[in-house]
Amino acid sequence: MTTSKRVQDRSKNKRVHDLEVVTEKSKIVSKVLLLMEILKKEPEMIIPVRSLEQYRRQINLPKPNKISDFLRKSPKLFELCKDRRGVLWCGMTGAGEELVEEEERLLKEHEDKAAEHVTQFLMMSVDKRLPLDKIAHFRRDFGLPVDFRVDWVHKYPQHFKLVKKVDGLQYLELVDWNPSWAVTALEKKAMGITEASDHTPGLLSLPFPLKFPPNYKKMYRHGGKIEHFQKRSYLSPYADARGLKAGSLEFDKRAVAVMHELLSFTIEKRLATTDHLTHFRREFVMPQKLMRLLLKHCGIFYVSERGKRFSVFLTEAYEGQVLIEKGPLVLWKEKVQNLIGYRGKKKKIECFSEMSEMEEDRGLLRCGSENESTSLQFEKEEAVSDFEDGLQMDDAEMEIEEVCSQYKNTDIS
């Protein structure tokens with residue numbers, strides 16, 4: 001693949017600029033979504049800005065960046081106001097509150113589909129059960145509600161149940177095997193299968209859709225090997241794989257199929273972080289060097305290394321920067337993204353003279369005090385305006401030792 005010792009020095013021919021742009025935009029919107037979740041938990045959906053400091057790590061906003069400055073860049077979503085003691089408070093605008101209500105409705109409508117995907121997730125695992133904490137890492141990727149640990153897991157007793165093992169950990173365990181769900185997304189697309197009540201997973205010979213980076217020319221050099229890989233039969237992700245020998249060609253291709261199926265479960269056909277994928281190696285009979293597998297098959301997957309974490313895309317699902325098939329939750333996220341950023345010169349932070357006014361007026365910014373009003377200079381460019389130009393972020397050059405070793409000269413098999 002490359003002789004570089006740093007992932008960031010990967011050959012430019014293997015970079016997909018459009019998907020890097022998607023990753024950059026997602027980094028900003030993920031911070032905003034977390035802030036919205038924090039505010040949603042508050043009784044009046046307002047919180048002192050200084051109280052948000054405890055969430056700095058989760059928001060992934062390192063110092064010296066100020067949380068208040070980040071909030072001010074999205075005045076269409078967040079409102080700031082000072083009380084009579086000079087304490088700065090944050091709340092959501094009317095548009096922000098409407099988006100919160102819309103998300104709750106969409107998550108409710110998505111519950112059944114999410115239950116299907118989680119059930120399939122369990123069906124692919126060796127022991128037909130997974131630690132709840134591990135599933136929680138992919139909550140937003142799967143479109144699960146915030147409280148899925150408390151209420152949602154108990155809504156589908158016909159599919160799975162919550163169990164507690166001797167190690168004290170909670171597991172989600174499969175209750176009933178559903179043959180009609182043991183059909184991969186690739187089978188559904190290639191063969192037109194929607195449901196098969198008597199389907200038994202076994203060997204598959206379906207080729208994977210390939211979409212190589214536009215400037216990557218070595219695909220022609222490896223054409224024969226790629227064709228051989230595509231023709232090789234492999235075990236379905238839903239079949240028992242405990243008999244496969246680690247490192248064998250069949251083992252590796254099944255791992256590709258597992259990753260392809262897993263990404264098909266996600267609402268954006270991408271995982272925002274690959275950090276937690278390695279935790280599933282035993283459960284899904286995956287190779288130790290999983291990242292190397294993803295990088296090796298760059299026509300099926302694309303790994304973006306923007307910042308401290310890696311994300312992985314299913315390349316067939318994107319046309320340029322656009323997800324080809326968008327569900328309601330993706331369209332909702334785009335609405336949020338369109339409200340991020342500010343273009344203008346000045347904005348006044350109003351004050352409320354009595355704390356009680358905060359309860360009476362949900363607008364937060366409805367009364368003023370000239371002595372306490374603060375005039376702020378805003379950036380003239382939107383927070384996302386530099387995505388298309390350079391994609392340079394403060395943490396874009398971070399080294400990640402765990403993955404560095406994966407970029408070595410490797411032929412596509």
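The values are calculated or read from the model by the stated rules, or taken from the named source; none is laboratory data. The structure displayed is predicted, hence computed values, not measured ones. So basically every Cβ, Gly included, is an ideal-geometry build from the backbone, and we count neighbours across all protein chains shown. Just so you know, the surface numbers come from the protein's heavy atoms only, side chains and all, with ligands and any DNA or RNA stripped out. Shrake-Rupley method; radii C 1.70, N 1.55, O 1.52, S 1.80 Å.
Listed values, structure above:
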quantity: Where Cα atoms sit under 18 Å apart: lysine pairs in region 27-79 separated by 8 or more or lying on different chains; calculated: 11
quantity: Between region 89-149 and region 289-324, the alpha-carbon center distance in angstrom; calculated: 22
quantity: Fraction of accessible area attributable to carbon and sulfur, region 205-281 (%, probe 1.4 Å); calculated: 54
quantity: Surface accessible to a 1.4 Å probe, K63 within the full protein complex, Å²; calculated: 150
quantity: DSSP-loop trypsin sites (Lys or Arg not before Pro) across region 76-141, with at most 11 other Cβ within 10 angstrom; calculated: R85
quantity: Total lysine pairs under 21 Å (Cα atoms) in region 217-296, excluding pairs fewer than 8 apart on one chain; calculated: 18
quantity: Nonlocal amide H pairs with V175, under 5 Å, H built at 1.01 Å; calculated: F160, K161
